[in-house]
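Peer 1: Before I ask anything, here is the structure I am working with.
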Amino acid sequence: MKKGIIALLTICLAAANATAAQVPQLANVQARNITSLNGEWNYIIDVQEEGYYDYRMNPTAWGFFRNAKPQRPEDLIEYDFDKAAVMNIPGDWNTQNEQLFFYEGTVWFKRTFEWHHKADDHRTILYFGAVNYEARVWVNGRNAGYHVGGFTPFNMDITDLLTDGDNFVIVKVDNKRKAENVPTQIFDWWNYGGITRDVLLIDVAPVYIENYKLCLDKSAPDQISFNVNLNEKLAGQQITLSIPELKITKKLVTDDNGTAQVQFKARKLQLWSPDNPKLYDVEITLADETLNDRIGFRTIETKGKQLLLNGKPIFLKGISIHDEKPNGGGRTNSVDDARTLLSWARELGCNYVRLAHYPHNEYMVREAEKMGILVWSEIPVYWTITWTNPDTYANAERQLTDMIRRDQNRANVLIWSVANETPHSPERDKFLSSLAKTARSLDDTRLISMAMEVTSASNYKNRLQDNMNEYVDVISFNQYIGWYRDVNDAPKMEWEIPYDKPVIVSEFGGGARYGLHGDKNERWTEEFQENLYIENLAMLDKIEGLVGTTPWIMKDFRSPRRVLDGIQDYYNRKGLYSDKGEKKKAFYILQSWYSTK
Ligand code: GCU
């Protein structure tokens, strides 16, 4: 009897002290042993966050994360997830409930799931592709983790919180904007809130492959470099890399840090490029776990003002894109969304896209890679960031690190961008140069850039001056001649960019309401936008060292800053496609210009 009581107490104590741990990002989650938690989740809108802060009511009931139920007739519980409405996850709340279209605050989500003990002490990782903006996670009423940042994955080991049979996960999502956040409280896109990307359970062995990088060696382009790390600092673990089509098999053994690396020559390698987006099947094995991936090999470098892909100059025929469904919905959340948006870019004649202003859905990067479309990937260090706040910097650096760790094996990712249109100051330079150094230390096989701003323009002379020029590999800048200034003066403009580096015009454009026609000098007509493109593209042809452009923007997108009734209606109308996927006249001007490149 006594032993039984002790055992029961031990179990209860362990359960009470059971904790979860946030774990570093796992590469290539889709290749792992996953169970999807996508689908219908119950949700409760909690404007005053009483579900998190309310101690006044019945203390045993407070906290929506407890999912409390009345035990006795007199018990007062003022919430019940099981009676609450449901929402499709992944998906933003703004476009699934019209009462939430403008909502900024907290919504609670709950999902039940079945789980059973795994063999040989396997671990269960809970993975979120992204939650915008702040996520607090509980499993079976116990704290599982916390994350800020609306566009990068995060995961936590929840094994010790799980029970055999039915379990539940509750997430408190808060998308309130704050000056110290990344982005800050002002940005020109819709603040879509919610669990916007996949939710998965990942079953892993106690020791698993956490991340890896397989690419051409930066210094020896006929040599492949492979780096891999385990989740534990465990030596002596054998990892096998095989690339069957190249008849390559390499056996590695991990060191005291749980890492291993190898370099080897590769014969008759077909290099990845937009014209030949060759991907090789790759298998990475540790014990009885094999991760399958598809990897492209290519080199990227600059030489003076030239941008070289596989040693040859390339012109980036690009377009900027926001992460928004092609059909007027909210955040993208499927392979189909990615394929549709990328097919529009392909129809425009693009070999390159700027995924603005934050890391997009992983599907977008992987589908672009298969289609031979190069990518500029960016963190939302946008406009007036709180440069002097160390927590803000840590947040930006974590988003940068997670962006790179997620996509470092995608051959099509060309550029990591650390910022967009940031006002000059010594504090801003310190913040951004540190981010640039971090990006280069994490990945020296890609280029670093940021979208700068033209600093002086008079008498038709435009001069670009930015202290960040020494920290980037490519000088990129946004300019809105013909829209925000100097309407119809693009033909007279001269450009001075005093840096011996390649140049990208990362934004230009103007607004038009699809179907509105009139004189080319009349704003908001398609003819105005068409003429702006004609004049701007002729001006771009005069910029020395221009290696590409990503006009702003492929599709009209929602923004709370665009309120002109009958014209904008909460859409930024600079798209070449309308919000319903209809092509405006300027589309054909850019398509024709690209066909000559
Ligand atoms: C800026 C900014 C974009 C914005 C655009 C515009 O350059 O980078 O995010 O949408 O201008 O004003 O339309």
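Peer 1: Between a first residue in region 251-275 that is without any contact (Cβ under 8 Å) to a residue 24 or more places away in the chain and a second residue that is open to solvent by 90 Å² or more (accessible area, probe 1.4 Å), which pairs have beta carbons less than 7 Å apart while being 6 or more apart in sequence or on different chains?
Peer 2: Pairs found: Lys251/Gln238; Val253/Gln238; Asp256/Lys233.
Peer 1: Okay, moving on. I'm trying to understand the selection: among the residues of region 206-244, which are part of a loop (DSSP other than H, G, I, E, B) and of a type in the set (Phe, Trp, Tyr)? Steps first, please.
Peer 2: At the first step, the residues of region 206-244 found to be part of a loop (DSSP other than H, G, I, E, B) are 206-208, 217-222, 231-237.
Result: Tyr208, single match.
Peer 1: Return a yes/no flag: does region 113-124 have any residue that is touching a residue at least 12 places away in the same chain (Cβ under 8 Å) and under 22 Å from the mean Cα position of the chain (by Cα). Give the derivation first.
Peer 2: Residues of region 113-124 touching a residue at least 12 places away in the same chain (Cβ under 8 Å): 113-118, 120-124.
Imposing the further condition that a residue be under 22 Å from the mean Cα position of the chain (by Cα) reduces the set to none.
Among the residues of region 113-124, not one is touching a residue at least 12 places away in the same chain (Cβ under 8 Å) and under 22 Å from the mean Cα position of the chain (by Cα), which makes the answer no.
Peer 1: The conditions are (1) at pLDDT 95 or above; (2) under 25 Å from Glu544 (Cα atoms); (3) among the hydroxyl-bearing types (Ser, Thr, Tyr), and Ser434 fails exactly one of them. Which is it?
Peer 2: (2)
Peer 1: May I pose another question? Select from region 493-539 the residues that are within 16 Å of the ligand (Cβ to nearest atom), surrounded by 19 or more Cβ atoms within 10 Å (Cβ to Cβ), outside any loop (DSSP other than H, G, I, E, B) and of a type outside the set (S, T, N, Q) and list them in ascending order.
Peer 2: Ile504, Val505, Glu507, Ala512, Phe528, Leu532, Tyr533
Peer 1: List every residue pair whose Cβ atoms sit under 6 Å apart, with the two residues 6 or more apart in sequence or on different chains, where the first one lies in region 552-574 and is of a type in the set (A, V, I, L, M, F, W, C) and open to solvent by less than 30 Å² (accessible area, probe 1.4 Å) and the second, anywhere, is within 11 Å of the ligand (Cβ to nearest atom) and part of a strand (DSSP E or B).
Peer 2: From residues that are of a type in the set (A, V, I, L, M, F, W, C) and open to solvent by less than 30 Å² (accessible area, probe 1.4 Å), the pairs are Trp552/Ser320; Trp552/Glu507; Ile553/Ser320; Phe557/Asn572.
Peer 1: Here is a further query. Enumerate the pairs (first residue in region 66-79 and farther than 20 Å from Asn167 by Cα; second residue anywhere and open to solvent by less than 30 Å² (accessible area, probe 1.4 Å) and at pLDDT 90 or above) with beta-carbon separation below 7 Å, excluding pairs fewer than 6 apart on the same chain, so at least 6 apart or on different chains.
Peer 2: Ile77/Ala68
Peer 1: Oh, and also: Return yes or no: is Tyr192 open to solvent by less than 20 Å² (accessible area, probe 1.4 Å) and either within 16 Å of the ligand (Cβ to nearest atom) or without any contact (Cβ under 8 Å) to a residue 24 or more places away in the chain (or both)? Spell out how you get there, then give the answer.
Peer 2: Numbers: open to solvent by less than 20 Å² (accessible area, probe 1.4 Å): yes; either within 16 Å of the ligand (Cβ to nearest atom) or without any contact (Cβ under 8 Å) to a residue 24 or more places away in the chain (or both): yes.
Spelling it out, Tyr192 is indeed open to solvent by less than 20 Å² (accessible area, probe 1.4 Å) and either within 16 Å of the ligand (Cβ to nearest atom) or without any contact (Cβ under 8 Å) to a residue 24 or more places away in the chain (or both).
Peer 1: Within region 148-187, take every residue that is aromatic (Phe, Trp, Tyr) and not in a loop (DSSP other than H, G, I, E, B) and give me the one that is most open to solvent (accessible area, probe 1.4 Å).
Peer 2: Per the criteria, the residue is Phe168.
Peer 1: If you scan region 353-391, which residues turn out to be within 20 Å of Gly150 (Cβ to Cβ), of a type in the set (Val, Ile, Thr) and away from the ligand (no atom under 16 Å from the Cβ)?
Peer 2: Val365, Val375, Thr386
Peer 1: Here is a further query. Can you find even one residue in region 476-483 that is within 16 Å of the ligand (Cβ to nearest atom), at negative phi and open to solvent by 60 Å² or more (accessible area, probe 1.4 Å)?
Peer 2: Checked against the condition, which is being within 16 Å of the ligand (Cβ to nearest atom), at negative phi and open to solvent by 60 Å² or more (accessible area, probe 1.4 Å), region 476-483 yields no hits at all.
Peer 1: Now for a separate question. Residues of region 401-429 being aliphatic (A, V, I, L, M), under 21 Å from Gly311 (Cβ atoms) and away from the ligand (no atom under 16 Å from the Cβ), which ones?
Peer 2: So the first thing to find is which residues in region 401-429 are aliphatic (A, V, I, L, M), and the list is 403-404, 411, 413-415, 418-419.
Next cut, under 21 Å from Gly311 (Cβ atoms) only: 411, 413-415.
If the condition is that a residue be aliphatic (A, V, I, L, M), under 21 Å from Gly311 (Cβ atoms) and away from the ligand (no atom under 16 Å from the Cβ), then Ala411, Val413, Leu414 are the ones that fit.
Peer 1: Let me ask you something else. Which of the numbered conditions does Ala130 fail, given that it passes all the others? Conditions: (1) within 22 Å of Asp402 (Cα to Cα); (2) in contact with a Ser or Thr (Cβ under 7 Å, 6 or more places away or on another chain); (3) part of a strand (DSSP E or B).
Peer 2: (3)
Peer 1: Quick check on region 437-470: of everything there that is within 24 Å of Ala220 (Cα to Cα) and aliphatic (A, V, I, L, M), which residue is farthest from the ligand (Cβ to nearest atom)? Before you say what the answer is, go through the steps one by one.
Peer 2: Let us first name the residues in region 437-470 that are within 24 Å of Ala220 (Cα to Cα), namely 437-449.
Remaining after also requiring aliphatic (A, V, I, L, M): 439, 442, 447-448.
Values: Ala439: 20, Leu442: 25, Leu447: 20, Ile448: 18 Å.
Out of the qualifying residues, it is Leu442.
Peer 1: Shifting gears a bit: Which of the residues spanning region 115-127 are in contact with a Leu (Cβ under 8 Å, 6 or more places away or on another chain) and of a type outside the set (A, V, I, L, M)? Working first, answer last.
Peer 2: Step one: of region 115-127, the residues in contact with a Leu (Cβ under 8 Å, 6 or more places away or on another chain) are 115, 124-127.
Residues satisfying the conditions are Trp115, Thr124, Tyr127.
Peer 1: Can you give me the number of residues within region 435-449 that are assigned to a loop (DSSP other than H, G, I, E, B) and polar (S, T, N, Q)?
Peer 2: The initial filter retains those residues of region 435-449 that are assigned to a loop (DSSP other than H, G, I, E, B), namely 443-446.
If we keep only those that are polar (S, T, N, Q) too, we end up with 445.
Total meeting the criteria: 1.
Peer 1: Would you mind finding the one in Arg463, Arg440 that is closer than 23 Å to Gly509 by Cα and out of contact with any Gly (no Cβ under 9 Å at 6 or more places or on another chain)?
Peer 2: Values: Arg440 fails: closer than 23 Å to Gly509 by Cα.
Only one candidate passes the filter, namely Arg463.
Peer 1: Only one of (1) under 24 Å from the mean Cα position of the chain (by Cα); (2) more than 30 Å from Glu232 (Cα to Cα) is not met by Ala31, so which one is it?
Peer 2: With (1) under 24 Å from the mean Cα position of the chain (by Cα); (2) more than 30 Å from Glu232 (Cα to Cα) applied to Ala31, the lone miss is (2).
Peer 1: So which pairs qualify, if the first residue must be in region 286-299 and more than 17 Å from Gln30 (Cα to Cα) and modelled with pLDDT under 95, the second must be open to solvent by 30 Å² or more (accessible area, probe 1.4 Å) and outside any loop (DSSP other than H, G, I, E, B), the Cβ gap must be under 9 Å, and the two must be at least 6 apart or on different chains?
Peer 2: Ala287/Gln238
Peer 1: Next question. I'd like the full set of residues that are farther than 24 Å from Met403 by Cα, touching a residue at least 24 places away in the same chain (Cβ under 8 Å) and either among the hydrophobic types (A, V, I, L, M, F, W, C) or assigned to a strand (DSSP E or B) (or both), limited to region 301-348.
Peer 2: Gln306, Pro313, Ile314, Phe315, Trp344, Leu348
Peer 1: Any residue at all in region 372-380 that's more than 23 Å from Gly129 (Cβ to Cβ) and in contact (Cβ under 8 Å) with a residue 60 or more places away in the chain?
Peer 2: So far as region 372-380 goes, yes, one or more of its residues are more than 23 Å from Gly129 (Cβ to Cβ) and in contact (Cβ under 8 Å) with a residue 60 or more places away in the chain.
Condition check ((1) among the small types (Gly, Ala, Ser); (2) over 20 Å from Pro90 (Cβ atoms); (3) modelled with pLDDT under 95; (4) in contact with a Phe, Trp or Tyr (Cβ under 8 Å, 6 or more places away or on another chain)) across all residues:
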| residue | (1), (2), (3), (4) |
| --- | --- |
| Glu362 | no, no, no, no |
| Ala368 | yes, no, no, no |
| Val375 | no, yes, no, yes |
| Trp387 | no, yes, no, yes |
| Pro390 | no, yes, no, no |
| Glu397 | no, yes, no, no |
| Thr401 | no, yes, no, no |
| Arg406 | no, no, no, no |
| Asn409 | no, yes, no, yes |
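Peer 1: For Leu432, all conditions in the list (1) touching a strand residue (DSSP E or B) at 6+ places or on another chain (Cβ under 7 Å); (2) more than 16 Å from the ligand (Cβ to nearest atom); (3) assigned to a helix (DSSP H, G or I) hold save one; what is the number of the exception?
Peer 2: Among (1) touching a strand residue (DSSP E or B) at 6+ places or on another chain (Cβ under 7 Å); (2) more than 16 Å from the ligand (Cβ to nearest atom); (3) assigned to a helix (DSSP H, G or I), Leu432 violates only (2).
Peer 1: Follow-up question, since we're still on this one. Looking only at region 545-597, count every residue that is part of a loop (DSSP other than H, G, I, E, B) and either within 13 Å of the ligand (Cβ to nearest atom) or over 30 Å from Asp500 (Cβ atoms) (or both) and tell me the total. Even if it seems obvious, please write down each step before you answer.
Peer 2: Initially, region 545-597 is screened for residues part of a loop (DSSP other than H, G, I, E, B), giving 545, 550-554, 556, 559-570, 573-576, 578-582, 584, 596-597.
Cutting the leftovers down to either within 13 Å of the ligand (Cβ to nearest atom) or over 30 Å from Asp500 (Cβ atoms) (or both) gives us 550-554, 556, 559-570, 573-576, 578-582, 584.
Result for region 545-597: 28.
The values are calculated or read from the model by the stated rules, or taken from the named source; none is laboratory data. Worth saying up front: this structure is predicted, and the values here are computed from it rather than measured. Heads up, the Cβs are rebuilt from the backbone with ideal geometry, glycines too, and the neighbour counts pull from every protein chain shown. Heads up: the accessible areas ignore ligands, DNA and RNA and are worked out on the full protein's heavy atoms, side chains in. Shrake-Rupley method; radii C 1.70, N 1.55, O 1.52, S 1.80 Å.
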